[in-house]
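Report on the following structure.
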Amino acid sequence: MKIRARSLVVLAVCALLFPAFSRSAAPPSVKGHLVIIGGGDRTEEIMRRFVELAGGGEKARIIVLPMASGVPDTTGMEQTAELKGMGVRNVEWLLFTREQAMSKGFADRLNGATGIFFSGGDQARITAVVVGTPVQKKLHDLYAGGAVMGGTSAGAAIMSKVMITGNELINKDSTDIFVSIMKGNVETIEGVGFLDDVVIDQHFVKRKRLNRLLSVVLEHPDLPGIGIDESTAIVVNPDGSCDVVGEGTVVVFDPRQATGIHTDKHGNLAARTIITHIYSAGERFTTKTGKP
């Protein structure tokens, strides 16, 4: 009995000293994929990958969520038609308000979906309807269970928990090109948040958005920034690896080893040793390290 008691004490001490061991041995909590498109023209290769991950044309059940669009009815019909043209038999579009998203049982409308696709437009329109509702929880449950979440442009931005809205709070130059790397200038709010360990930016090379993403990662130095160009996507696998698909490049700014992050008297951000990676189609990296 004494030996058994002593063993129990040792086990208890080990559990206190090494709690991370049991967590690292646990299976991944997410079985689904993300197809995050940087905007612009969607290549057939990208959309085929989305359909395949949803189960293929015969088995997939895909729901298009077009609320980011300024003309959501038109966008919903067009993207549904695009997927039907690719052989998807069971596809529909669904437009709803925040009140509906909060209502009891409405999230059940998404039951059985193997793929969700978020349209482009204004990402804040999506978060205003979805974040903090049972629909958001349902989307996360579907993703964890094996569904694929896809999105383009605004539908890409909502994938990360820290979401860039596109608004400037100080300069307000109202152009696509941010002209400063400045503290407090780039507005971020909570996204739908399938990824909580990175920040996503879109139209990245085409619209020269490096200043914008650099500003955000320096204000969130624990979060690498992933800038996805137009007609380009990353496919995020359950193990955190990311496959680059399409015609352009993906830029990763990793600030986690940066030193000397500070702001000068003019509000400009500065730092040392920000690691940058540039990936092209066919290459793979991981969101955990930013490295191949």
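All of the numbers you see were taken from the coordinates with simple rules; none came from a lab. From a predicted model like this one, the values you see are computed outputs, not experimental measurements. All Cβ positions, glycine included, derive from the backbone under ideal geometry; neighbour counts span all protein chains shown.
Results, tabulated for the structure shown:
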| item | result |
| --- | --- |
| GNM top mover of THR276, THR152, THR175 - the chain, alpha-carbon springs below 10 Å | THR175 |
| Likely footprinting exposure, ILE116, ILE261, fewest C-beta neighbours within 10 Å first | ILE261, ILE116 |
| Order of HIS262, HIS140, HIS33 - criterion: other Cβ atoms within 10 Å of each residue's Cβ, fewest first | HIS262, HIS140, HIS33 |
| Selected from ASN185, ASN237, ASN171 as most flexible by GNM, with the chain as the system and alpha-carbon contacts under 10 Å | ASN171 |
| Beta bridge orientation in region 28-286: antiparallel %, DSSP, nearest 5 | 60 |
| Ranking of ILE37, ILE189, ILE278 by count of other Cβ atoms within 10 Å, fewest first | ILE278, ILE189, ILE37 |
| Nearest-20 debye value, the chain charge dipole, Cβ charges on Lys, Arg, Asp, Glu | 1260 |
| Set of lysines with alpha-carbon distance to LYS84 below 21 Å, sequence-local pairs under 8 removed | LYS59 |
| Filter on LYS31/LYS208; LYS138/LYS172; LYS31/LYS104 - keep pairs with C-alpha separation over 32 Å | LYS31/LYS208; LYS138/LYS172 |
| The chain, helix-only ellipticity at 222 nm - DSSP H runs n ≥ 4, -39,500 (n - 2.57), divided by all residues, nearest 500 | -8500 deg cm²/dmol |
| Among (i) 20.2; (ii) 18.5; (iii) 21.5, the entry that matches Kirkwood radius over Cα pairs in Å as calculated here | (i) |
| Extreme residue, positive dipole direction of the chain, given options GLY132, ALA270, PHE50 (C-beta unit charges) | GLY132 |
| Dipole magnitude of region 48-97 about its Cα centre (Cβ charges: Lys, Arg +1; Asp, Glu -1), debye to nearest 20 | 220 |
| Amide H within-cut-off set for THR249, under 5 Å, with H built and near neighbours excluded | ASP229 |
